[in-house]
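Structure first, commentary second.
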Amino acid sequence: MAFTMRAVKVPPNSVSLEEARTRTFEFFKSACRSIPTVMEIYNLYDVVTPSQLRSNIAAQFRKNAHITNTKVIDMLLFKGMEELGDVVEHAKQRHHIIGQYVVGHHGLSQDSGTKDEGASDFLKNFYKTNYF
Amino acid sequence: MTLGLLASRALRSSRPINSPTTFLRTIISTPELHNNTSSAAAVADTPPPPPPDRTPVGGARVHFANPDDAIEVFVDGFPVKIPKGMTVLQACEVAGVDIPRFCYHNRLSIAGNCRMCLVEVEKSPKPVASCAMPALPGMKIKTDTPIAKKAREGVMEFLLMNHPLDCPICDQGGECDLQDQSMAFGSDRGRFTEVKRSVVDKNLGPLVKTVMTRCIQCTRCVRFATEIAGVQDLGMLGRGSGEEIGTYVEKLMTSELSGNVIDICPVGALTSKPFAFKARNWELKGTESIDVTDAVGSNIRIDSRGPEVMRIVPRLNEDINEEWISDKTRFCYDGLKRQRLNDPMIRDADGRFKTVSWRDALAVVAEAFHQVKPTEIVGVAGKLSDAESMMALKDLLNKMGSNNVWCEGNGLNVNADLRSGYLLNSGISGLENADLFLLVGTQPRVEAAMVNARIRKTVLATQAKVGYVGPPADLNYNHEHLGTGPEVLTQIAEGRHPFSSLLKNAKNPAIVVGAGIFERKDKDAIFSVVEAIAKQGNAIRPDWNGLNILLLNAAQAAALDLGLVPEADNSLETAKFVYLMGADDVNLEKLPSDAFVVYQGHHGDRGVYRANVILPAAAFSEKEGIYVNTEGYVQQTLPAVPTVGDAREDWKIIRALSEVAGVPLPYDTVGAVRSRMSTVAPHLLNLDEREPTTFTAEVKPKCSEKMSKDPFTNVVENFYMTDAITRASKIMAQCSALLSKK
Ligand code: SF4
Ligand code: FES
């Protein structure tokens, strides 16, 4: 079984910031490569596009862009890989993916666009919820 | 001496002055009481009763029609002044003592058969049933003596003897009078070892569930049915332990008020069938709201659990619904869970609806808005619309350059200039002062059940005469069917009809005209004849306005207050863009086939079939909205449950659409919408107040129109299904299948 076969070995720490950086990029690429599979197994075609998922992943990386401590970066990488493994192995369910990566803090990502820049606060709130 | 000690002394010395015992002492002149000014005054005059130190039960108030009629009785040694003719139980209530009771109900006749209300009266050999005993001057009533307590305990024991021990599975549990009173007054053990009796359950129809073994034979339900609902369906059969409540023959209870027996039954014998085993009353959240299924605006409490409306029960409002509500009001709530629109939708090229985001839906509507000429835009507000959304709709359409906006049911060229021209001017409670009714083209029993209950109450109490003009109807009081068509009205107006003499002799005649007449072509002619009748009967005086219009829908009065009156008569026939705000009953047949129809509403009802875009809105249980009832009483609904899916409140949708369409409306909050409303109709902000109309019939121009010979028709075909919510309700569908008269 995939779950039990999974290698639980922690890779050695990155020796320099440079190495941590390359690892991060590697990880980002592998995450991007798994997007088509994720779209497929969670049947996300009607709620999100691959590019939206990709930008969401990128946003998660950028959120930690300021971190320079290699140990912390390694830890975050480890967590990220674990999450990616869970997602790809279908250890999650559709609503997890939608909740975490499709509906961000701003409603369905297909709804948030650059379209309503000039809109009033009322309209922006209106698109989000009835209660404001 | 410390301050605390001082205070306690002051307290101790002041206490005896207020206590009931010292009241008697005021007539004794003792030196230390002489320097007390109040008691000195009391000695000089006849001693006034000391301020009541107990508050009357349930805010009971006494009204003395004639000061000579006041008598004084003593309840537990405490004197109270009450009018002659009150019962001992009422006197106790005024004195602030709540007497336990089962059969007594202050809106029903007195039966005196449960014996729970026994109290001790001095010089009477036995405890007396206080609900049936008139209070006599100087009576000394004792409610707290061992004899009274023992009597109650005994009655409880007898009642519980044959009452099943099924409180854990009983729907009344938690709000059961028997449960509460056995806790308060019952014995702590039973002595009953025989077999309990059991009674066959009766089938009273789809609304009332019966578990007749639980019945304690208080006969409240029987009295309610005969006295208030006016149906002779329920009765008492058998004697002694074989006594049963039932419908003498296999028959359903066919009253539009039948649900109220659920509330008045003190035990769980009659409970709500749709609510059976659905929830416990202590897990429900009550929201005080109002009903919108007819124009009466009955006060209700919406009981909800989480996002679901579990039941609707009445709230006391003496001016409107007293403490009853109609079955439609009470049981329509399951319609709030069915057929709901929860996402914005656009009709595809192949005629199917596709779910879209609000952004896209509004963009499509806004684009369609700009592709038509202003005069081709039409807006129709639905029966259930609140005043805020109607204001927003009117403002939006006016900004787009169109003034073709109206509320369904109001007809096309209705006169909204005079408020008295479309309201029930006597007021619902005011109808009780009438001594003659003339119902013109209206069947209050199906159009406004609570108004009908008022008329019935008046007819029973004062033997008021009722004349009825309209199609054969089943009114549950004595009435004279004068005719079916408007020509009878002409006869009455000209004094050629026997009813005219009755009308002339009546002190306060009430003429009630149905709002169905708004839809007739000859409505102006009919109204001028009715006004002539009113003048003949002297129905419009400074102290009495007896010319009434009985509206049909909750939105109508507010719509006319806000001036939702269309400019052109046949605007629908040339319309290219129609905005239906919950309007399901407009006739869209004449609409050109290329017209763009937007349906904003909460139910997938008739309006949706023709719609190009659907905008989901909130139902009355989910929003805060102002409604004006048929007598001009302004009330508001409050949100009890969250909105369904992606729905929004009505006025917000219109406000958002206005911005997308490039004509933003200047309000962002409910408060701002309301202040806009106040510039149009200031009284709409006076919640829970009835704005009386100022009116003289003379200001209206003479009408030269000819009256047609067409008889009046039934306006409400099916009492149980009149709007989107009730049509979606399964319970209402069952009712109309089983109960409406074919
Ligand atoms: S059914 Fe209820 S209301 Fe009717 S007599 Fe029995 S206990 Fe009273
Ligand atoms: S309440 Fe008085 S006898 Fe029932």
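Restricting attention to segment B:94-127, report how many residues are in contact with a Pro (Cβ under 6 Å, 6 or more places away or on another chain) and assigned to a loop (DSSP other than H, G, I, E, B).
Final tally of qualifying residues: 3.
Which residues, taken from segment B:428-465, are surrounded by fewer than 24 Cβ atoms within 10 Å (Cβ to Cβ) and of a type in the set (D, E)?
Scanning segment B:428-465 gives B:E432, B:D435.
Answer yes or no as to whether B:I377 is within 23 Å of the chain's Cα centre (by Cα) and open to solvent by less than 10 Å² (accessible area, probe 1.4 Å).
In short, no.
In this structure, does B:N508 turn out to be among the polar types (S, T, N, Q) and buried (at least 19 other Cβ atoms within 10 Å of the Cβ)?
Spelling it out, B:N508 is indeed among the polar types (S, T, N, Q) and buried (at least 19 other Cβ atoms within 10 Å of the Cβ).
Of the residues that make up segment B:221-242, is at least one within 16 Å of ligand 2 (Cβ to nearest atom), more than 14 Å from chain A (Cβ to nearest Cβ), outside any helix (DSSP H, G or I) and open to solvent by less than 20 Å² (accessible area, probe 1.4 Å)?
Scanning segment B:221-242, I find no residue that is within 16 Å of ligand 2 (Cβ to nearest atom), more than 14 Å from chain A (Cβ to nearest Cβ), outside any helix (DSSP H, G or I) and open to solvent by less than 20 Å² (accessible area, probe 1.4 Å), so the answer is no.
Within segment B:187-220, how many residues turn out to be away from ligand 2 (no atom under 16 Å from the Cβ) and buried (at least 19 other Cβ atoms within 10 Å of the Cβ)?
So the answer is 11.
Filter segment B:645-682 down to the residues that are under 26 Å from the mean Cα position of the chain (by Cα) and in a loop (DSSP other than H, G, I, E, B), then identify the one that is farthest from the other protein chains (Cβ to nearest Cβ).
Filtering first and then ranking leaves B:A681.
Looking only at segment B:86-104, count how many residues are within 14 Å of ligand 1 (Cβ to nearest atom) and open to solvent by 20 Å² or more (accessible area, probe 1.4 Å).
1
For segment B:176-186, what are the residues that are surrounded by fewer than 16 Cβ atoms within 10 Å (Cβ to Cβ) and of a type outside the set (G, A, S)?
B:D180, B:M183
Looking at segment A:46-65 only, could you name the residues that are in contact with a helix residue (DSSP H, G or I) (Cβ under 8 Å, 6 or more places away or on another chain) and of a type in the set (A, V, I, L, M)?
Of everything in segment A:46-65, those that are in contact with a helix residue (DSSP H, G or I) (Cβ under 8 Å, 6 or more places away or on another chain) and of a type in the set (A, V, I, L, M) turn out to be A:V47, A:V48, A:L53, A:I57, A:A58.
All but one of (1) in contact with a Leu (Cβ under 7 Å, 6 or more places away or on another chain); (2) within 20 Å of B:N342 (Cβ to Cβ) hold for B:E631; which doesn't?
The single condition B:E631 does not satisfy is (2).
Report yes if B:I262 is more than 16 Å from ligand 2 (Cβ to nearest atom), in contact with a Ser or Thr (Cβ under 8 Å, 6 or more places away or on another chain) and modelled with pLDDT of 95 or more, otherwise no.
The answer is yes for B:I262.
Given the conditions (1) surrounded by fewer than 19 Cβ atoms within 10 Å (Cβ to Cβ); (2) part of a loop (DSSP other than H, G, I, E, B); (3) modelled with pLDDT of 90 or more, report the number of the one that B:L502 does not fulfil.
(2)
Kindly list the number of the only condition in (1) more than 14 Å from chain B (Cβ to nearest Cβ); (2) at pLDDT below 90; (3) loosely packed, with under 11 Cβ neighbours inside 10 Å that fails for A:H66.
Only one criterion in (1) more than 14 Å from chain B (Cβ to nearest Cβ); (2) at pLDDT below 90; (3) loosely packed, with under 11 Cβ neighbours inside 10 Å is unmet by A:H66, namely (2).
Restricted to segment B:125-148, and to residues that are under 15 Å from B:F78 (Cβ atoms) and either open to solvent by less than 10 Å² (accessible area, probe 1.4 Å) or over 38 Å from the mean Cα position of the chain (by Cα) (or both), which residue is farthest from ligand 2 (Cβ to nearest atom)?
Among residues in segment B:125-148 that are under 15 Å from B:F78 (Cβ atoms) and either open to solvent by less than 10 Å² (accessible area, probe 1.4 Å) or over 38 Å from the mean Cα position of the chain (by Cα) (or both), the one farthest from ligand 2 (Cβ to nearest atom) is B:G138.
Condition check ((1) within 30 Å of B:E308 (Cα to Cα); (2) open to solvent by 30 Å² or more (accessible area, probe 1.4 Å); (3) part of a strand (DSSP E or B)) across all residues:
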site: B:L560; (1), (2), (3): no, no, no
site: B:N587; (1), (2), (3): no, yes, no
site: B:D594; (1), (2), (3): no, yes, no
site: B:V608; (1), (2), (3): yes, no, no
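Out of (1) within 16 Å of ligand 1 (Cβ to nearest atom); (2) over 28 Å from the mean Cα position of the chain (by Cα); (3) over 21 Å from B:P56 (Cβ atoms), what's the single condition that is false for B:C117?
So B:C117 meets the others, but not (3).
Looking at (1) in contact with a Pro (Cβ under 9 Å, 6 or more places away or on another chain); (2) of a type outside the set (A, V, I, L, M); (3) touching a residue at least 40 places away in the same chain (Cβ under 8 Å), which is the only condition B:E567 fails?
The single condition B:E567 does not satisfy is (1).
Looking at B:R610 and the list (1) within 24 Å of B:W358 (Cβ to Cβ); (2) away from chain A (no Cβ under 12 Å); (3) in contact (Cβ under 8 Å) with a residue 24 or more places away in the chain, which single condition is not satisfied?
Evaluating B:R610 over (1) within 24 Å of B:W358 (Cβ to Cβ); (2) away from chain A (no Cβ under 12 Å); (3) in contact (Cβ under 8 Å) with a residue 24 or more places away in the chain leaves (3) as the failure.
Just to be sure I understand the filter: pairs with C-beta atoms under 9 Å, separated by 6 or more residues or on different chains, first member in segment B:128-140 and within 22 Å of B:R107 (Cα to Cα) and part of a loop (DSSP other than H, G, I, E, B), second member within 14 Å of ligand 2 (Cβ to nearest atom) and among the basic types (K, R). Which pairs pass?
Listed by first residue and then by second, the contacts come to B:S130/B:R101; B:C131/B:R101.
What's the total number of residues in segment B:150-193 that are in contact with a Phe, Trp or Tyr (Cβ under 9 Å, 6 or more places away or on another chain) and in a helix (DSSP H, G or I)?
12
Given the conditions (1) buried (at least 20 other Cβ atoms within 10 Å of the Cβ); (2) under 30 Å from B:A558 (Cβ atoms), and given that B:G268 satisfies all but one, which numbered condition is not satisfied?
Single failed check for B:G268: (2).
Mind counting the residues in segment B:622-640 that are assigned to a loop (DSSP other than H, G, I, E, B) and within 12 Å of another protein chain (Cβ to nearest Cβ)?
Total meeting the criteria: 3.
The rows are residues; the columns are (1) at pLDDT below 90; (2) not in a strand (DSSP E or B).
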position: B:V199; (1), (2): no, yes
position: B:P206; (1), (2): no, yes
position: B:C218; (1), (2): no, yes
position: B:V249; (1), (2): yes, yes
position: B:T254; (1), (2): yes, yes
position: B:S258; (1), (2): no, yes
position: B:G268; (1), (2): no, yes
position: B:T271; (1), (2): no, no
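Pairs please, first residue from segment A:39-64 and part of a helix (DSSP H, G or I), second anywhere and open to solvent by 50 Å² or more (accessible area, probe 1.4 Å) and not hydrophobic (A, V, I, L, M, F, W, C), Cβ atoms under 7 Å, 6+ apart in sequence or on different chains.
A:M39/A:Y45; A:M39/A:P50; A:I41/A:H90; A:P50/A:P36
The values are calculated or read from the model by the stated rules, or taken from the named source; none is laboratory data. Keep in mind it's a predicted model, so treat the numbers as computed, not measured. Note: ideal-geometry Cβ built from the backbone for every residue, glycine included; neighbour counts use all protein chains shown. To get the accessible areas, we keep the full protein, side chains included, count just its heavy atoms, and leave off ligands, DNA and RNA. Shrake-Rupley method; radii C 1.70, N 1.55, O 1.52, S 1.80 Å.
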